[in-house]
Amino acid sequence: MLKRGMTGVALALSFFLIACGGDPDGRSAGAAPDEKDGALIEEELGRADDQHVDTTGKAPLPNPEMSGKSASASQSSPSGYPVQAYFGDTHVHTGWSADAGMDGAILSPEDAYRFATGEEVKSNSGLKARLARPYDWYMITDHSDGMGVINELIAGNPEMIADETLKRWHDALNSGDEKAAADAKSELIVMQSEGRLPKTVMDPKWMKSAWEKTVDAAEKYYRPGEFTTFIAYEWTVNADGGDNLHRNVIFRDDASKTRRLLPLTTFETQDPEKLWAWMAAYEDKTGGRVLAIPHNGNMSNGRMFEHKRFDGSPMTSEWAQMRARFEPLYEITQIKGQSESHPSLSPEDEFADWDLWDRGNLILKPKPKGSFRYEYWRPALIDGMRIETELGTNPFQYGANGGTDNHVGLSTTEEDNFFGKFKTLEPSNKERWDFPLLTGPSGSYMGWEQAASGLTGVWATENTREAIWDAMMRKETFATTGPRMTLRFFGGFDFVSQDAEADLVKRGYQKGVPMGGKLTGNGSTKSIRFLLAALKDPDGANLDRLQIVKGWVDGNGRAHEKVYNVRWSGNRKDDGTGHIQKVGNTVNLETAEYTNSIGDAQLIGFFEDKEFNPRHKAVYYARVLEIPTPRWTLFDKVRNGVEMDKEVPMVLQERAFSSPIWYSPN
């Protein structure tokens, strides 16, 4: 079995090979599926990636089986249902975002799009950067707050530097001192969180030109059927001094509609309800469509999924309807950690303790007691079903989304090609593991706490704005921590185990609903059943296990959750309590290599919920884990020959999450 990792040759070539296509030593893509498994790739799971990776660092070569189409071209399906997963990033900032520019980022939206399509670009710190595989779709989500300000500030616009604070920031940004720039960026974040920004920064006149250019870049790089761009921005609410209520706002439309209104800023309102009203007004005025994706509830100090409106008043049915209408997805994983669940909320889930950012809000303000419950996706999915009983609508019926939230214009989720969140944390900083990422009144999050995550896979009928946006709206999406593994999940009442052994996808659509769907029972409903399947990233690690996570509300209104191991690799056994032994670990801590000698290339399962009660509302989602692989910190340690503190993790288990399927008794 060939190894995946870094060789001595790769170490000698240092940073200039970090971002080349594939590994410079031509490492193995891992165990390939056998002949019997081949049908699953083409017919059941759909295509995850139709590319050959050229390990020389050149652009990926198209697969000859695609009859001359580009590597990311749409695969049409005569069946009418989606057969291909398209991968992209819903959360990318460039140097045009105020905090990114304050930290020294200079890449533009055009640079970011060129990088996403597989071109080599020069990073903000001067390194050569390139993806091993281009994305299928991409969007720039620069902050609406202060959009257009940073360029004027750096250039020394007289109106800007007339303000004492802005003059100090201008000097820091032009000093060449990276720490001074990083400190200015942290001060900006704190001041925005506390509503103390200079008035000049909040003048909307700076936005118009920047927004026009952002829209122009998205239009320029949109190639329907090959590479899809979206016109988008981030609405960045840091309520009450740093409570993260951020949303990425994503349009289905082209420039003819998105130019008619300027993005909403938090200078106008911090109330999400007013964002939804702004979105409704956009749709009414233009006939267009728009959705929003919340993120980083893990840093909201209990406010992301609180059971009240922003102003503290009681929830209403209208409030619930607006939230459900405009927010179909929730970002589970990104550089600033995960928002799936927390070990204190899910003590029986042995895989809940990963990528935790749980010490405070965005400016490190400590968390109030009991706030975790209102910060994470899984408890919100369960609470939403209880709220639905009261209000008639489930406001937390969120599908799965992953995005990087990088602020360097470079979306890099491969552990050996990670360019970090900010320019000061790019790999040119050989001590970036010990460099402060975010600093606030009570401390810092350090560089090693960054996660090289995440991506969204979309089951769409073609690679176009309309098809991918529509798939997001119907929640036929899955989130990954970076690898391009594929995940299928279907629920229904009539599945049998043989359906998983035949054409799983065809049976799934014919007899049930896909991820994001809803099932309604009746008095005769006796069981609920699922088909699920996962296929490894063709250039990545084998799979450890395939699980279903269930949440439900009993007859007394109490919330429950349980994790079921459905399929797993090797000859491991269930111990009778629902647990199986660890898959093992082949990671070499001296060389940052691993082997695919453990795990399976694919996992397919049929699951019947034996504890199903047709009178109880329930929600289910699929989760798949890879075998252990080297983390970006281990690659940095080996590459740079640096020592890191013992608390710094060197190994991780990448994973993916399907959007849920909901069950209601009526």
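The values are calculated or read from the model by the stated rules, or taken from the named source; none is laboratory data. As the structure is a prediction and not an experimental result, all values here were calculated from the model. All Cβ positions, even for glycine, are placed from backbone atoms using ideal geometry, and neighbour counts span all protein chains on display. The accessibility values were calculated without ligands, DNA or RNA, using every heavy atom of the protein model including side chains. Shrake-Rupley method; radii C 1.70, N 1.55, O 1.52, S 1.80 Å.
Does GLY370 count as surrounded by fewer than 20 Cβ atoms within 10 Å (Cβ to Cβ) and at pLDDT 95 or above?
yes
Quick check on the stretch 281-300. Is at least one of its residues in contact with a strand residue (DSSP E or B) (Cβ under 9 Å, 6 or more places away or on another chain), open to solvent by 30 Å² or more (accessible area, probe 1.4 Å) and charged (D, E, K, R)?
The answer is yes, given that some residue of the stretch 281-300 is in contact with a strand residue (DSSP E or B) (Cβ under 9 Å, 6 or more places away or on another chain), open to solvent by 30 Å² or more (accessible area, probe 1.4 Å) and charged (D, E, K, R).
Can you pull out the residues in the stretch 590-627 that are in contact with a strand residue (DSSP E or B) (Cβ under 6 Å, 6 or more places away or on another chain), under 26 Å from GLY392 (Cα atoms) and open to solvent by 10 Å² or more (accessible area, probe 1.4 Å)?
Scanning the stretch 590-627 gives HIS616, LYS617.
All but one of (1) closer than 28 Å to LYS220 by Cβ; (2) under 26 Å from the mean Cα position of the chain (by Cα) hold for LYS285, so report the exception by its number.
Exception for LYS285: condition (2).
Is it the case that SER341 is more than 17 Å from LEU391 (Cα to Cα) and in a loop (DSSP other than H, G, I, E, B)?
yes
Could you list all residues from the stretch 221-265 that are in a helix (DSSP H, G or I), over 22 Å from the mean Cα position of the chain (by Cα) and closer than 30 Å to ASN298 by Cα?
ALA239, ASP240, GLY241
If a residue has to be farther than 26 Å from LYS430 by Cα, surrounded by fewer than 24 Cβ atoms within 10 Å (Cβ to Cβ) and of a type in the set (Ser, Thr, Tyr) to count, how many in the stretch 88-134 make the cut?
Matching residues across the stretch 88-134 total 1.
Restricting to the stretch 119-177, what's the tally of residues that are at pLDDT 90 or above and of a type in the set (Val, Ile, Thr)?
4
Being part of a strand (DSSP E or B) and open to solvent by less than 10 Å² (accessible area, probe 1.4 Å) is the filter here; which residues of the stretch 135-160 pass it?
Hits for the stretch 135-160 are TRP137, TYR138, MET139.
Search the stretch 429-458 for residues that are in contact (Cβ under 8 Å) with a residue 12 or more places away in the chain and of a type in the set (Asp, Glu) and pair each with any residue that is open to solvent by less than 10 Å² (accessible area, probe 1.4 Å) and part of a strand (DSSP E or B) when their beta-carbon atoms are under 7 Å apart and the residues are at least 6 apart or on different chains.
Cβ pairs passing all conditions: GLU449/LEU437.
Go through the stretch 590-617 and give me each residue that's assigned to a loop (DSSP other than H, G, I, E, B) and more than 30 Å from ASP636 (Cβ to Cβ).
ASP609, LYS610, GLU611, PHE612, ASN613, PRO614, ARG615, HIS616, LYS617
Output the number of residues of the stretch 115-155 satisfying the condition of being under 22 Å from SER193 (Cα atoms) and of a type in the set (Gly, Ala, Ser).
3
Go over the candidates ILE150, ILE154, ILE140, ILE189 one by one and state the one that is β-branched (Val, Ile, Thr), within 22 Å of ALA255 (Cβ to Cβ) and touching a residue at least 12 places away in the same chain (Cβ under 8 Å).
Going through ILE150, ILE154, ILE140, ILE189 in turn, just one is β-branched (Val, Ile, Thr), within 22 Å of ALA255 (Cβ to Cβ) and touching a residue at least 12 places away in the same chain (Cβ under 8 Å): ILE140.
Against the condition open to solvent by 10 Å² or more (accessible area, probe 1.4 Å), aromatic (Phe, Trp, Tyr) and out of contact with any Lys or Arg (no Cβ under 6 Å at 6 or more places or on another chain), how does TRP377 come out, does it pass?
No: the conditions fail for TRP377.
Scan the stretch 553-564 for residues that are out of contact with any helix residue (DSSP H, G or I) (no Cβ under 7 Å at 6 or more places or on another chain) and crowded, with 17+ Cβ neighbours inside 10 Å and jot them down.
The answer is VAL563, TYR564.
Please determine, by comparing only the residues of the stretch 551-581 that are within 26 Å of the chain's Cα centre (by Cα) and basic (Lys, Arg), which one is farthest from THR633 (Cα to Cα).
So, considering only residues that are within 26 Å of the chain's Cα centre (by Cα) and basic (Lys, Arg), the one farthest from THR633 (Cα to Cα) is LYS562.
Is the stretch 583-597 home to any residue that is among the small types (Gly, Ala, Ser), under 30 Å from ASN640 (Cα atoms) and touching a Ser or Thr at 6+ places or on another chain (Cβ under 8 Å)?
yes
How many residues, within the stretch 84-121, are more than 23 Å from GLY482 (Cβ to Cβ) and of a type in the set (A, V, I, L, M)?
3
Taking the stretch 565-589 only, how many residues are in a strand (DSSP E or B), open to solvent by 30 Å² or more (accessible area, probe 1.4 Å) and either touching a strand residue (DSSP E or B) at 6+ places or on another chain (Cβ under 6 Å) or among the aromatic types (Phe, Trp, Tyr) (or both)?
Total meeting the criteria: 3.
Picking from ILE528, ILE548, which residue would you name as being open to solvent by less than 10 Å² (accessible area, probe 1.4 Å) and over 27 Å from the mean Cα position of the chain (by Cα)?
None of the others qualify; the one that does is ILE528.
Quick one: which of ALA218, ALA180, ALA172 is open to solvent by less than 10 Å² (accessible area, probe 1.4 Å) and not in a loop (DSSP other than H, G, I, E, B)?
ALA218
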